[in-house]
Amino acid sequence: MSTPSRALNPIYANMPVTVFEHMSGLARSLGAINLGQGFPDSPPPQALTAAAMRAMETRSQHYPPSMGLPELRDAVAGFYAREQGLALTREQVVVTSGATEAIAAAILAVVGTGDEVLLFAPAYDAYAPLVRRAGGVPVFVPLSPPHWAYDEAAIRAAITPSTRALILNDPLNPTGSVASAEELALLARIACEHDLVAICDEVWEAVRFDGRTHRSLLAEPGMAQRTIKIGSAGKIFGATGWKVGWMVGDAALVAVLAKAHQFLTFTTPPMLQWAAAEGLADPAITAGLHADWSASRKVLVEGLRAAGFAVLESAATWFACIDLTASGIALNDTAFSERAVREAGVASIPLSALWEGDGGPTTIVRLCHCKPPAMLEDAVARLSQWRVSI
């Protein structure tokens, strides 16, 4: 019996499998080193695992409040006060089942039929489908390598009377770039001038290198009542499978976000919430992880450069990007990634897969560095040896 095509939403029915699942699937089936999808190979810090086990044994395993456990909401507010100087209360925090759920809830709460939403390309591939599912229209503003700067003229040209919101991913996945103070001020001015809501995917806020600190668009003048800040325990603690995230904003805004959230996942496993709360209260945990990721980043970037690959500057995230043309490789990014996983045994992500429309770069690939140094050295050696034959 065939599936009735009219019963399926075309947004999803016509959508291919994500590039992350595609490349990870190839890595699994071929036994390749997976530097494509972003996740550490090591387990989360032992202190977090112990906290989750302790909570499972001694605390409730039933529905926690839909807004999230008070302990975690307080811990999120405390973490941002300590790390970013933000003055928040638990009433401004909603706990979600991962940051992607938070993005979905934010879009559903903000975007209506016909509303246009500014997206900056390349973009995390969940944004546009979620905007379309909410009845909105994604409008892409391209960012150009190697600096991926936000261009005022391009942004203003994309705004129409139907523009309702913008989605800012800072630090930016997949490029590893960060917005400057001047760019954040620019985006805030534009949002205020045009009465836009800013949905800020800031999951990489704690994964910044070379002494760079994070500043949220939420902290810019005029943005407190119009910004939804999204964070992730999975990225902060390298515990991607936990799927614990949150939305932060003005209390009146958060009250509406919570209504969207309650009809998505309603709530998040309480033992993971208690553990995340303990982790956010202990700066030593994040400091240790940051030191490990700084070291692994150095191994990959320096190894690739020594092997003759042109690595773009990256200030944040678990990712580094190679410019194939500047590396002397006459393949586009899709061909490189497809061949490298099969012939060199290394999985990567082509940036063109995270770009809609024409005019995007087609010769840049992303590699994940939050892996054991020996694995990264092996991957570099494989790529170096393979490139001689292509």
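Side notes on the structure shown:
- Based on protein heavy atoms only, region 188-249 ends up with 31 Å² per residue of surface accessible to a 1.4 Å probe.
- Protein accessible area in region 115-217, 1.4 Å probe - carbon and sulfur %: 51
- Signed unit charges on C-beta, dipole axis of region 119-277, positive-most listed residue Ala206, Ala181, Thr267: Thr267
- Of all the options Ser180, Ser348, Ser216, the one that moves most in a Gaussian network model of the chain with Cα springs shorter than 10 angstrom is Ser180.
- Solvent-accessible area assigned to carbon and sulfur over region 239-371 amounts to 57 percent, based on a 1.4 Å probe.
- Simple spin-label estimate for His62 and Glu343 in nanometres, 7 Å along Cα-Cβ: 6.0
- The relative contact order of region 332-375, computed from alpha carbon pairs under 8 Å that lie at least 6 residues apart in sequence, is 38 percent.
- In this simple spin-label approximation, Ser29 and Phe266 carry label points 7 Å from Cα along the Cα→Cβ vector, and these lie 3.7 nm apart.
- Within the accessible area of region 20-96, the carbon and sulfur atoms contribute 55%, probe 1.4 Å, all protein chains present.
- On a per residue basis, region 27-69 carries 59 Å² of accessible surface, using protein heavy atoms and a 1.4 Å probe.
- Taking the alpha carbon gyration tensor of region 153-208, multiplying each eigenvalue by 5 and rooting it gives semi-axes of 22, 11, 10 Å, largest first.
- Residue-level accessible surface for Asp195, protein heavy atoms, 1.4 Å, Å²: 100
- Gaussian network model of the chain, springs between alpha carbon atoms under 10 Å - residue of Ala330, Ala99, Ala276 with greatest fluctuation: Ala330
- Mean separation of Cα contacts under 8 Å, 6 or more apart, over the residue count of region 204-277: relative contact order %: 24
- Eligible lysines near Lys235 by straight Cα distance, threshold 18 Å, same-chain separation 8 or greater: Lys243, Lys371
- Projected label distance in nm at Ala291 and Met53, using a 7 Å step from Cα toward the beta-carbon: 2.4
The values are calculated or read from the model by the stated rules, or taken from the named source; none is laboratory data. Predicted model, so just to flag it, every value in this text is computed and none were measured. Every residue, glycine among them, receives a Cβ derived from its backbone with ideal geometry; neighbour counts consider all protein chains shown. Ligands, DNA and RNA are stripped out before the accessible areas are found, and what is left, the full protein with its side chains, is counted by its heavy atoms. Shrake-Rupley method; radii C 1.70, N 1.55, O 1.52, S 1.80 Å.
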